[in-house]
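The next block holds one structure in the form of structure tokens; read it before the comments.
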Amino acid sequence: MNVLLTNIKQLLQVRDSRVTNLKGAAMKELPTLENAWLLIENGVIHNYGDMVATPTGSFDKTIDCSGKIVLPSWCDSHTHIVFAGNREQEFVDRINGLSYQEIAEKGGGILNSARKLQETGEDDLYMQSAKRLEEVMKLGTGAIEIKSGYGLTKEAEMKMLRVAKRLDKAYPVTVKTTFLGAHAVPEKFKDKKEDYIQLICDEMLPAVSAEGLADYVDVFCEDGYFSVEDTDKILTAANKYGLVPKIHVNQFNSIGGVSVGVKHKALTVDHLEIVSDDDIRELQHSETMPVALPACSFFLGIPYTPGRALIDAGLPLAIATDYNPGSSPTGNMNFVVAAACIKMNLTPEEAINAATVNAAYAMGLSKTHGSITKGKKANLIITKEIPSYGFLPYSFGSNCIDSVICNGELL
Ligand code: NIG
Ligand code: FE
């Protein structure tokens, strides 16, 4: 099966295969080919070039992209899309004056989602999650990381991860899974957090690993959730099973989460709404990718990750949706790209790099995703007719996507 895209007004993010992530000033560049063609063969990018030398021959399908921009699909490196029901009531409670933390302290928040999820059967959970996945695929997401963390028992955590694995099999989108047993301390362990951590280390991690359910491990390292010491312990245990950390840090407080992440060679440290100079120094001496989640800041009304300052300090940056029922009930990467520009002062080039090349790195997919490179997966966004790529974040409330190709398939 081969598909030829012709008359592409701008082909974005054309890179050499050696480019795996972009730091500091390099994030300002977005290599672009004007008036281009691109050939897909058997689900991968076979070749591309200038329209003055269009390939000849017969093709199963030709798509005329006149006036349209083509770019690699978004990689969403941080989501919790496998969840049950919603938390619309907490949203209204916050409008009426309660804070996110106050709601959590009253047994709402993550524990509310855990109760709902524990009562939901695996097939029902799959159907609810598949609907969300289908929506975000149409919005241009071609690879997605999915966390557990609303189970909080061995059975329910495994149920979540099995659902994520089923989604991976059923859809052309690439899925990476992350075990987040340490998302909150369950009600049952309220005054026995140590026992819950023991359960994670001694029972959940071995079971998750034995079934091959997770690529990564995550911990919510935050006051009121898991301390730096707890995080250290869980990451040490996970290391024995080959699970690389991708952790929640610095959402409300800078308590040392970045440091413990760097110590354990975390692939990413995510959230970072609060960042200290020490955190920046730690990251400068690491291969760990900082990940900002601006839709969460928007929804909760908390500070935005200082993305501009991180890039100006020479760091790389990725952006993701954090799609979840409590702090970011959207999986729209187009909105995240726009919010990164509007609220974090990233240029369109930086935001697109953060959502493609760097986002692929943030989920261990640099070899196959994130850029227009020969041999990478044909995961592409074809925009509507728009003046230039800066129009994508500029027209933040509009859907600029005409069509999406995932794994070579036109959705
Ligand atoms: O990334 N901060 C921790 N976890 C999620 C939110 C969880 C929830 O409120 O359900 C997040 O924002
Ligand atoms: Fe999250």
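At-a-glance table
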{"item": "Qualifying residue in the range 335-347 (condition: of a type in the set (S, T, N, Q) and farther than 17 Å from K28 by Cβ)", "result": "no"}
{"item": "Within the range 244-274, considering residues that are open to solvent by 40 Å² or more (accessible area, probe 1.4 Å), aliphatic (A, V, I, L, M) and within 16 Å of ligand 1 (Cβ to nearest atom), the one farthest from E194 (Cα to Cα)", "result": "I274"}
{"item": "So V52, is it more than 12 Å from ligand 1 (Cβ to nearest atom), farther than 27 Å from D124 by Cβ and either in contact with a Pro (Cβ under 8 Å, 6 or more places away or on another chain) or not in a strand (DSSP E or B) (or both)", "result": "yes"}
{"item": "Residue within the range 228-247 that is farther than 25 Å from S328 by Cβ, hydroxyl-bearing (S, T, Y) and in contact with a strand residue (DSSP E or B) (Cβ under 9 Å, 6 or more places away or on another chain) present", "result": "yes"}
{"item": "Single condition Y241 does not satisfy, out of (1) within 16 Å of ligand 1 (Cβ to nearest atom); (2) aromatic (F, W, Y); (3) without any contact (Cβ under 8 Å) to a residue 60 or more places away in the chain", "result": "(1)"}
{"item": "Hits in the range 106-158 - residues which are of a type in the set (S, T, N, Q), open to solvent by 10 Å² or more (accessible area, probe 1.4 Å) and within 16 Å of ligand 2 (Cβ to nearest atom)", "result": "N112"}
{"item": "Criterion: surrounded by fewer than 16 Cβ atoms within 10 Å (Cβ to Cβ) and assigned to a strand (DSSP E or B) - qualifying residue of K384, K367", "result": "K384"}
{"item": "The range 281-313: number of residues that are touching a strand residue (DSSP E or B) at 6+ places or on another chain (Cβ under 8 Å) and in a loop (DSSP other than H, G, I, E, B)", "result": "4"}
{"item": "Residues located in the range 292-304, provided they are away from ligand 2 (no atom under 11 Å from the Cβ), open to solvent by less than 10 Å² (accessible area, probe 1.4 Å) and either farther than 18 Å from P393 by Cα or not hydroxyl-bearing (S, T, Y) (or both)", "result": "A292, P294"}
{"item": "Hits in the range 2-26 - residues which are on the phi < 0 side of the Ramachandran plot, open to solvent by 40 Å² or more (accessible area, probe 1.4 Å) and in contact with a Ser or Thr (Cβ under 6 Å, 6 or more places away or on another chain)", "result": "S17, T20"}
{"item": "Given (1) touching a residue at least 60 places away in the same chain (Cβ under 8 Å); (2) more than 20 Å from the chain's Cα centre (by Cα), number of the condition E211 does not satisfy", "result": "(1)"}
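The values are calculated or read from the model by the stated rules, or taken from the named source; none is laboratory data. Please read these numbers as outputs of a predicted model, since none were measured by experiment. As a convention, Cβ positions derive from the backbone with ideal geometry for all residues, glycine included, and neighbour counts pool all protein chains shown. In case anyone asks, the SASA skips ligands and DNA or RNA and just uses the protein heavy atoms, side chains included. Shrake-Rupley method; radii C 1.70, N 1.55, O 1.52, S 1.80 Å.
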